[in-house]
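The values are calculated or read from the model by the stated rules, or taken from the named source; none is laboratory data. Just so it is clear, the model here is predicted, and its values are computed rather than measured. Please note: Cβ atoms are built from the backbone with ideal geometry, for glycine as well, and neighbour counts cover all protein chains shown.
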Amino acid sequence: MTDPKGYLLLMLHAHLPFVRHPGYDLPFIEENWLNEAILETYIPLIRVFQNLKKENVPFRITMSFTPTLSSMLVDEYLQNQFRKYIKNLISLAKEEKKRTKFDPHLNYLSDYYLSHFEDSLSVFEETKGDLTKQFLPFVESGHLEIITSPATHGFLPFYQSEPSIIRSQLRNGRRTFRKIWGRDPKGIWLSECGYYPGLEDDLDKEGFRYFFVDTHGINHASPRPMFGVYSPVEVGYGVFAFGRDKESSRQVWSSIDGYPGDFHYREYYRDIGHDLDYNYMEPFLNSNGIRINTGIKYHKITGKTAHKEYYRPLEAMEICGNHAEDFLRNRISQAEALYSENKQPAIIVSPYDAELYGHWWYEGPQFIEFLFKKIHFDQDVIQTIHPLEATRVVPKVQSVKMQMSSWGENGYGDVWLNPSNDWIYKHIHSLSIDMFHKTNELKDSKDPLIIRVLKQMGRELLLLQSSDWAFIMKTGTMVDYAIRRTNVHSNLFLHLKSMLDTGNMDEASLAKIESEHNLFPDIQVSDFT
């Protein structure tokens with residue numbers, strides 16, 4: 001076998017904000033974000049990895065699991081919430097089998113979903129609801145590399161004026177990853193690929209060896225890298241940056257000609273939770289009577305009009321295989337052209353939100369399985385690779401200086417700082433400064449209650465810094481929830497700070513806050529000094 005002319009570095013960024021609301025009379029619809037991701041993305045990816053390993057197909061894939069997501073995956077309350085969620089869907093699918101008995105194709109689809117839900121519950125229970133234990137065997141075998149992110153997915157370029165924010169986000173990102181996954185991460189997915197000059201110093205101090213940026217982050221570097229995004233660059237302290245390949249991203253991400261928009265694929269926006277009679281659906285909505293998606297979708301995209309035909313899974317799988325072949329063929333052509341030009345193998349970095357595969361693009365996990373099989377069986381021009389392996393297979397790595405960038409719309413920071421959300425930053429910066437002063441004032445305290453209050457203030461501050469709230473405000477979806485979370489974390493921080501300022505320590509109130517926002521159990525007061 002000849003040496004490959006290129007390597008595909010497939011990177012899936014798995015992230016959800018911390019949403020956990022035990023003990024409330026009314027259900028929080030937002031808790032379904034995790035349930036949907038487990039059912040439609042994480043369990044299907046586990047199935048794909050299991051199938052590939054069972055068939056002895058070698059593969060390399062990198063995934064980031066953010067600390068908030070990892071914390072939710074191991075949380076007993078949220079695991080039980082998923083059990084309720086999936087059992088409700090099983091009951092609904094059984095009712096659908098009865099309702100559709102006179103429509104052969106809908107009856108087939110209802111049975112298809114019933115089998116899917118029952119199998120998913122079986123996979124979930126293999127490790128008693130802890131899906132991190134389902135991914136770990138692939139880490140041990142070298143097929144999967146997992147990395148972390150800043151603690152609550154804070155957009156770091158906006159906080160470079162406050163070193164304590166950067167430090168606490170990075171430290172708790174690494175520390176939480178080690179606690180849950182049992183190892184230190186080699187790399188980090190910077191939230192929204194947000195980089196600014198000098199960040200590599202802090203990354204090095206926390207032991208991170210690589211991160212990812214968008215295309216222009218590499219192409220605008222100084223000196224301009226000879227190999228563009230097709231080779232990692234060193235940015236200082238032995239820390240490497242990997243740039244996104246636009247071409248492979250476009251084939252999947254593009255809203256115009258990306259694969260997920262194929263008319264044969266399942267239509268995300270047609271769900272029986274919205275389509276069927278309300279009185280029939282109401283017992284299964286579990287949403288205080290509000291219509292929500294159930295995950296049972298009977299239609300394919302069909303076209304750009306409101307007319308939708310029935311979904312045909314086998315037909316979609318055939319198209320999916322064709323798309324995997326097309327993707328591979330394009331990567332082969334790309335690798336051969338780049339090898340001819342650069343005289344070294346190209347590292348083709350293809351990063352995506354993990355939830356695209358399965359949740360938004362229902363057939364996405366199967367696309368990944370087909371792609372890895374085709375890479376193994378059908379060619380020998382390219383191979384899959386992990387990031388640090390990539391630094392060793394290319395003979396030349398340049399050292400460069402990069403400027404601020406992100407992978408958000410327009411490439412910088414205006415998604416997370418604009419008239420829809422700019423008001424949140426005065427709170428974040430003001431409270432971060434308060435936290436810095438208060439921790440330095442009380443860091444030597446021997447009173448365990450004071451230390452508990454300081455640590456919970458740190459948790460509330462980190463949760464306040466999540467990039468998700470600003471993003472939601474910008475996109476205009478679930479805005480009320482994002483505003484509420486911003487206000488809740490700000491107010492809880494101030495409530496806790498008032499205990500320290502007045503000396504009126506309300507331990508019952510503290511315990512209640514600790515119980516609901518229970519992530520980062522190893523948080524340290526020194527993270528904020």
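It is to be established whether one or more residues within the range 87-105 are among the aromatic types (F, W, Y), in the same structural domain as P27 (by TED's automatic domain parsing) and touching a Ser or Thr at 6+ places or on another chain (Cβ under 9 Å).
Within the range 87-105, the first condition is being among the aromatic types (F, W, Y), and the residues that meet it are 102.
If we keep only those that are in the same structural domain as P27 (by TED's automatic domain parsing) as well, we get 102.
Restricting the remaining residues to those that are touching a Ser or Thr at 6+ places or on another chain (Cβ under 9 Å) gives none.
Checking the range 87-105: not a single residue is among the aromatic types (F, W, Y), in the same structural domain as P27 (by TED's automatic domain parsing) and touching a Ser or Thr at 6+ places or on another chain (Cβ under 9 Å).
Restricting to the range 116-138, give me the number of residues that are of a type in the set (A, V, I, L, M) and without any contact (Cβ under 8 Å) to a residue 12 or more places away in the chain. Steps first, answer last, please.
Of the residues in the range 116-138, the ones of a type in the set (A, V, I, L, M) are 121, 123, 131, 136.
Next, from what is left, pick out any that are without any contact (Cβ under 8 Å) to a residue 12 or more places away in the chain: none.
Total meeting the criteria: 0.
Once the range 225-250 is narrowed to residues that are in a helix (DSSP H, G or I) and crowded, with 17+ Cβ neighbours inside 10 Å, the residue that is modelled with the lowest pLDDT is S249.
Residues are listed down the side, and each one gets a yes or a no for (1) farther than 23 Å from L10 by Cα; (2) buried (at least 17 other Cβ atoms within 10 Å of the Cβ); (3) in contact with a Phe, Trp or Tyr (Cβ under 9 Å, 6 or more places away or on another chain); (4) of a type in the set (S, T, N, Q):
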residue	(1), (2), (3), (4)
K300	yes, yes, yes, no
H307	yes, no, no, no
R312	yes, no, no, no
E315	yes, no, no, no
E318	no, no, no, no
N330	no, no, no, yes
S333	no, no, no, yes
A337	no, no, no, no
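The lone criterion from (1) touching a Gly at 6+ places or on another chain (Cβ under 6 Å); (2) at pLDDT 95 or above; (3) of a type in the set (D, E, K, R) left unmet by R291 is number (2). Entry remark, the range 74-115: residues being closer than 19 Å to D271 by Cβ, touching a residue at least 40 places away in the same chain (Cβ under 8 Å) and polar (S, T, N, Q) number 3 in total.
Among the listed residues M478, M404, identify the single one that is outside the structural domain of S333 (by TED's automatic domain parsing), of a type outside the set (S, T, Y) and out of contact with any Gly (no Cβ under 7 Å at 6 or more places or on another chain). Write out each step before concluding.
Details: M404 fails: outside the structural domain of S333 (by TED's automatic domain parsing).
Answer to the check: M478.
If only residues of the range 375-414 that are of a type outside the set (D, E, K, R) and assigned to a strand (DSSP E or B) are counted, the one that is nearest to G6 (Cα to Cα) is I382.
Looking for something over 22 Å from N518 (Cα atoms) and in contact (Cβ under 8 Å) with a residue 40 or more places away in the chain - is there at least one such residue anywhere in the range 450-472? Yes, the conditions are met somewhere in the range 450-472.
Could you go through the range 8-19 and let me know if any residue there is surrounded by fewer than 22 Cβ atoms within 10 Å (Cβ to Cβ), small (G, A, S) and in the same structural domain as D378 (by TED's automatic domain parsing). No: the range 8-19 contains no residue that is surrounded by fewer than 22 Cβ atoms within 10 Å (Cβ to Cβ), small (G, A, S) and in the same structural domain as D378 (by TED's automatic domain parsing). For the range 92-112, filtering for residues that are in contact with a helix residue (DSSP H, G or I) (Cβ under 7 Å, 6 or more places away or on another chain) and surrounded by fewer than 22 Cβ atoms within 10 Å (Cβ to Cβ) leaves 7. Here is a check on your reading of the model: is G358 buried (at least 17 other Cβ atoms within 10 Å of the Cβ), at positive phi and in contact (Cβ under 8 Å) with a residue 40 or more places away in the chain? So G358 passes the test.
A quick yes/no check of all residues on (1) surrounded by 14 or more Cβ atoms within 10 Å (Cβ to Cβ); (2) closer than 21 Å to P17 by Cα; (3) among the charged types (D, E, K, R):
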position	(1), (2), (3)
F436	yes, no, no
S445	yes, no, no
D480	no, yes, yes
K497	yes, no, yes
P521	no, yes, no
